Amino acid sequence: MERLGVELHHISKSFEKDGRPVQVLDNLDVRNEAGEFVSFLGPSGCGKTTTLKIIGGLLEPDGGEVIIGNKRVTGPGPDRSIVFQDYALLPWVDVLRNVAFGLELRGVPKGEREEIARTYIQKVKLSGFEHHYPNELSGGMQQRVGLARALAVNPQILLMDEPFASVDEQTRRLFQSDLSDLWQEEQKTVIFITHSMEEAVYLSDRIFVMSARPGRIVEEFVVHLPRPRTAQDIRGSKEFTESVEHLWGVLRELQ
Amino acid sequence: MIGSKVRSRSRRQFSFVPLIPGMIAWELIGRLHVSFFIPPLSEVVLVWFEILHAGKLWDALVISFETFVVGFSLALVLGLILGVMMGRYRGVEHFFDLYINTFMSAPVSALVPVLMVLFGLGIGTIVATVFMFSFFVIVVDTTTGIKSINPSLIQMARSFGGSEFQILPKVILPGALPEILTGVRLGAIRGIKGMVIGQLLIALTGLGERLVYYGNSFLIPQLYAIILTVIVFSILLIELFNFLERSLIHWKR
């Protein structure tokens, strides 16, 4: 499969709030190489999620453009899929149908899409839960469903919007290492939104630190940790702690 | 989690138990001859079988049921269509909002004479009355249901390339179903009220005609028998909708 990178050219975006325009993104200029794991790190309200939605084609920028594989993004496309912060699972269907839902919308026949869905349910370690409903699962498990659904359509680019924001710390760490393994295996380009410095360092090849109002890139940070990364030896390493400290320094300056 | 699901299911099962003390009280008060207007329940039930046997009740029931079904079906179909449009498109909502709210609070019974002028002294007016009673609450609850859907579900469907024609049946309608069913149930209950009021005012057909006839003739047990019939009809209908809700929205806690 062809691997695609993402280029953001001079993206700007404002929203209207109480009748006055508020600039959310100001001249964002970023390049993401094919197969690379990139994180956007920043405080709440810095426009990270807006950036992700623009890349996903759900929002249109006021200025600038998103280029994926020499083509300008004008809307959602089969090359990308999104993992949502609030999981966005359909509460009235079971795990199997939720995972197959992207394929269902794309017209894949039932037998075929359920077979693909089962494969990905296994990859996210939810085998045996195919016929459970979302309200019977924990937050972490629900997000695994969200990840399986995003992977099932086999996108080149995976967009993840603070996927672990509302799961507890143990679940979060387990999930991070599973995600790291999956990324190694699936070789997707990943754009990851987070406000956690540790998470960004642990997962990413490169981190863009953003400031709030207007959202701008204030630093591009390359993570020099070896791959594959396993949680035990990475989190204790000197590079890991130094990287986190460095990012904290940058974020602290922004306050 | 599974346990709470089972509990909420059993809680909503219909139960006759709360009715028993009321029925006993009715019977006792009737037997004490407190008033000519309160015959004992047992007498009402016996009379009910009598008039059913005479065929008058049956005819009245059939014609009432027919007018109800026609009026309510119209209200259901049109109410769902308008409710979905209002929930999805702000322009449509702005245009109809005031009309719907006006009719929601207007005393529809007072309009029955106007309907009579429009639709004549027959079935048409009753159908229109049923429609007027049930349509607006269906519209309002459908609109509310559609607007209350988690926007990220719609974004999710769009992000996977879903078109509006896919999103409507796969995301929006199932998501709004709990509120829609509430509106439909309330609409049905109001529709029964509309049916009886329409028939009372026209006094030519159905259960309403029987009510007026027995009332004017002071045949009190017969009058109660008809009222009980309407109540039983409503309860059966409500239970049908409760059953629909339980089986269609089992996923809701």
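The values are calculated or read from the model by the stated rules, or taken from the named source; none is laboratory data. This is a predicted model, so every value here is computed, not measured. All Cβ positions, glycine included, derive from the backbone under ideal geometry; neighbour counts span all protein chains shown.
Overview of values
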| read-out | value |
| --- | --- |
| Leading residue by the ranking (modelled with the highest pLDDT) among those in region A:68-102 that are among the aromatic types (Phe, Trp, Tyr) and more than 16 Å from the chain's Cα centre (by Cα) | A:Phe101 |
| Filter result for A:Glu239 (assigned to a strand (DSSP E or B) and surrounded by fewer than 16 Cβ atoms within 10 Å (Cβ to Cβ)) | no |
| Failed item, numbered, when A:His246 is tested on (1) surrounded by 14 or more Cβ atoms within 10 Å (Cβ to Cβ); (2) more than 20 Å from the chain's Cα centre (by Cα); (3) within 27 Å of A:Gly139 (Cα to Cα) | (3) |
| Considering residues of region A:126-144 that are farther than 20 Å from A:Glu199 by Cβ and in contact with a Leu (Cβ under 6 Å, 6 or more places away or on another chain) only, the residue farthest from the other protein chains (Cβ to nearest Cβ) | A:Glu130 |
| Complete set of residues in region A:47-77 that are free of Cβ contacts under 8 Å to residues at least 40 places away in the same chain and more than 18 Å from A:Gly215 (Cα to Cα) | A:Gly57, A:Leu58, A:Asn70, A:Lys71, A:Arg72, A:Val73, A:Thr74, A:Gly75, A:Pro76, A:Gly77 |
| Region A:65-99, residues that are part of a loop (DSSP other than H, G, I, E, B) and β-branched (Val, Ile, Thr) | A:Val73, A:Thr74, A:Val93 |
| Residue within region A:114-122 that is touching a Pro at 6+ places or on another chain (Cβ under 6 Å), crowded, with 16+ Cβ neighbours inside 10 Å and not aromatic (Phe, Trp, Tyr) present | no |
| Test result for A:Val83, buried (at least 22 other Cβ atoms within 10 Å of the Cβ), among the β-branched types (Val, Ile, Thr) and over 26 Å from A:Arg144 (Cα atoms) | no |
| In region A:1-49, the residues that are in a helix (DSSP H, G or I) and buried (at least 22 other Cβ atoms within 10 Å of the Cβ) | A:Lys48 |
| Filtered residue count, region B:135-161, keeping only those that are under 26 Å from A:Phe84 (Cβ atoms), charged (D, E, K, R) and more than 7 Å from chain A (Cβ to nearest Cβ) | 1 |
| Matching entry among A:Arg149, A:Arg80 (being within 14 Å of chain B (Cβ to nearest Cβ), in contact (Cβ under 8 Å) with a residue 40 or more places away in the chain, touching a Phe, Trp or Tyr at 6+ places or on another chain (Cβ under 8 Å) and on the phi < 0 side of the Ramachandran plot) | A:Arg149 |
| Residue identified as closer than 30 Å to A:Ser166 by Cα and not aromatic (Phe, Trp, Tyr) among A:Gly63, A:Gly75 | A:Gly75 |
| When residues of region B:236-253 are limited to those that are within 14 Å of chain A (Cβ to nearest Cβ) and in contact (Cβ under 8 Å) with a residue 12 or more places away in the chain, the one surrounded by the most Cβ atoms within 10 Å (Cβ to Cβ) | B:Glu245 |
| Criterion: away from chain B (no Cβ under 14 Å) and small (Gly, Ala, Ser) - qualifying residue of A:Gly56, A:Gly75, A:Gly19 | A:Gly19 |
| All positions within region A:94-115 that are more than 8 Å from chain B (Cβ to nearest Cβ) and farther than 29 Å from A:Thr194 by Cα | A:Gly107, A:Val108, A:Pro109, A:Lys110, A:Gly111, A:Glu112, A:Arg113, A:Glu114, A:Glu115 |
| Elements of type helices (runs of 4 or more DSSP H) in region B:173-253, at least 1 residues being farther than 23 Å from B:Ile123 by Cα | B:173-202, B:220-248 |
| Residues within region A:218-234 that are assigned to a loop (DSSP other than H, G, I, E, B) and aliphatic (A, V, I, L, M), tallied | 2 |
| Counted residues, region B:162-191 - those being surrounded by fewer than 19 Cβ atoms within 10 Å (Cβ to Cβ) and away from every other protein chain (no Cβ under 14 Å) | 3 |
| Among (1) in a helix (DSSP H, G or I); (2) assigned by TED's automatic domain parsing to the domain that holds A:Ser39 - the single one A:Ala165 does not satisfy | (1) |
| Pick from region A:173-232, criterion surrounded by 15 or more Cβ atoms within 10 Å (Cβ to Cβ) and polar (S, T, N, Q), ranking: nearest to the chain's Cα centre (by Cα) | A:Thr194 |
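For every residue, the table says whether it meets (1) at pLDDT 90 or above; (2) outside any helix (DSSP H, G or I); (3) away from chain A (no Cβ under 14 Å); (4) surrounded by 13 or more Cβ atoms within 10 Å (Cβ to Cβ).
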| position | (1), (2), (3), (4) |
| --- | --- |
| B:Ser64 | no, no, yes, yes |
| B:Val70 | yes, no, yes, yes |
| B:His94 | yes, no, yes, no |
| B:Thr102 | no, no, yes, no |
| B:Val117 | no, no, yes, no |
| B:Ala128 | yes, no, yes, yes |
| B:Phe131 | yes, no, yes, yes |
